[in-house]
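Since the structure comes first, as structure tokens, the remarks are kept for the end.
The values are calculated or read from the model by the stated rules, or taken from the named source; none is laboratory data. Remember, predicted model here, so these are calculated numbers, not experimental data. Heads up, the Cβs are rebuilt from the backbone with ideal geometry, glycines too, and the neighbour counts pull from every protein chain shown.
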Amino acid sequence: MKNIVFCLFLPLALFSQQLFEIKTLEETINTFGAELNFVQINDSVAFYTSINDDNGYQSSVYFTKNNNGKWLKGKYSKYNSESFNTGDISFSSNRKIVFSICDFENSCDLVILKNDKFSKLESINNKGNKNVQSHLVKHNNQEVLYFVSDREDGFGGMDIWLSIIDENGNFGVPINAGERINTSSDEITPFFSPYENTLYFSSNRKGGLGGFDVYKSNGKFNLWTKASNVKHFNSKDDEMYLSFYSKDKGYFSSNRKGAKYETTEFCCNDIFSFESINIDTIPSLTNWLDFSPISLYFHNDEPDCCTMEATTQKTYKEAYISYFKLIDEYENQNDSLSGFFDQNLRANYNQFLAVLDKVKNDLEKGSKIELQIRGYASPLHKFEYNINLSKRRIKSVINFISVYQNAVLSKHLKSGDLVVTELPLGESKVSEKTSDDPKDKRNSIYSLDAMLERKIEIVNIRLNK
């Protein structure tokens, strides 16, 4: 099934203040085949490409409607040809509709819909090359079509190209997007986000997390900054066709864990949604009498897995963000987490920020403060390892305190006005319910009992005027 995706359409967050929650779309959209290029055009309608048994594994454009936050079963759209594989649909603000058609010998052209008829973009298509994955966008008042092609004079493989559209609707001679976007590998599925003036695309270039990764670059036309890997969207598998519907919400296609399959896992792409999560909504703390112990949680063996070192360069915020990104993996392994990521991980992180804000204010008034921190670990390793793991976790918290709000607390740590007292405990107080069998990952890593043990705890704050 994956080979079909690659033949036809080839292939086929981290944010300081935000993360993206990633979910698979409903089974009304995703099938055992492949779903690609989910484009939401308004609050209630979206289009996408599907290659499934409903149409004999011919790629076709479907549409779906949203009903009370759920996408209904996709229906075969009018933007299809019985004689071709059809997909990669793109809409412009002035109602232009461009998409790809491929014959069954794998020759692909871009077509535009005019008067309910397909019309090939002859100024763009060239015989013997693939021309696919169109994306219409405006830079200020200039309309542009970005697309993907393996034509000559590129950098190798599939490249991203662009065509400037004049005021009469004519498509100009294709221009390569340039060396800051394209490489000798494949660059595919361009999408320009007007919210950030950023081009998102996918590439299988060296240095990624695996397969096709999402990259981004700021600029326009063929003038771009150096592309960077958008790691919070990527996995060891393929991510592509990323699109934003709003500043905080969008979709992409992936064959990562969670995608539906009939016989072979990771064979087929599904549509995933993403939506931003605000992680820095800080509650106020006005009185130390309101303070109660705060638990800060960690993924298994983090930070710096599998070492006997007792220190780390990482900050707790890095550990927190990387842990939060694993929410799908944890929920796939354990469907009874009782809201751990929101009610424990995120809520305690926000409480910690409130404490640091209060610490900063009191230090500026001349107070001297001591934070007492105790470390824990789950029982998967020997006692000596867990002692050092607990110390690394405490050190990551100290590192975060040092860089908090542009290192505002660093001078107080150096002067001794702010003291962090470490009380590592290793696994000595681990719950008897927590498994210590490394082969039983569901209970030793992904169980709620194990997750609640992997933590440090700010147990007390002493204030001296």
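The residues listed here are 124, 160, 175, 165; of these, the one that is among the aliphatic types (A, V, I, L, M), in contact with an Asp or Glu (Cβ under 6 Å, 6 or more places away or on another chain) and under 24 Å from residue 212 (Cβ atoms) is 160. Answer yes or no as to whether residue 377 is aliphatic (A, V, I, L, M), at pLDDT below 90 and more than 19 Å from residue 288 (Cβ to Cβ). Yes, satisfied. In a residue-by-residue description of the range 72-80, the property of being surrounded by fewer than 22 Cβ atoms within 10 Å (Cβ to Cβ), touching a Ser or Thr at 6+ places or on another chain (Cβ under 6 Å) and of a type in the set (A, V, I, L, M, F, W, C) applies to at least one position. Of the residues making up the range 197-234, just one is out of contact with any strand residue (DSSP E or B) (no Cβ under 9 Å at 6 or more places or on another chain) and under 12 Å from residue 177 (Cα atoms), namely 223. Of the residues making up the range 189-212, those that are crowded, with 19+ Cβ neighbours inside 10 Å and modelled with pLDDT under 95 are 208, 211. In the set (1) part of a loop (DSSP other than H, G, I, E, B); (2) hydroxyl-bearing (Ser, Thr, Tyr); (3) modelled with pLDDT of 90 or more; (4) out of contact with any helix residue (DSSP H, G or I) (no Cβ under 6 Å at 6 or more places or on another chain), residue 311 fails one condition alone, (4). For the range 357-374, the set of residues classified as surrounded by 19 or more Cβ atoms within 10 Å (Cβ to Cβ) and under 12 Å from residue 420 (Cβ atoms) consists of 359, 369, 371, 373, 374, listed by residue number. May I ask you to list the residues in the range 171-208 that are within 13 Å of residue 226 (Cα to Cα), of a type in the set (Val, Ile, Thr) and part of a loop (DSSP other than H, G, I, E, B)? Those that are within 13 Å of residue 226 (Cα to Cα), of a type in the set (Val, Ile, Thr) and part of a loop (DSSP other than H, G, I, E, B): 181, 183. In the range 235-245, the qualifying residues are those that are touching a strand residue (DSSP E or B) at 6+ places or on another chain (Cβ under 9 Å) and either among the polar types (S, T, N, Q) or not in a strand (DSSP E or B) (or both), and the one that is surrounded by the most Cβ atoms within 10 Å (Cβ to Cβ) is 238. When residue 106 is tested against (1) touching a helix residue (DSSP H, G or I) at 6+ places or on another chain (Cβ under 6 Å); (2) part of a strand (DSSP E or B), just one condition goes unmet, and that condition is (2).
Residue 95 fulfils the conditions (1) under 31 Å from the mean Cα position of the chain (by Cα); (2) among the basic types (Lys, Arg); (3) on the phi < 0 side of the Ramachandran plot except for a single criterion, (3).
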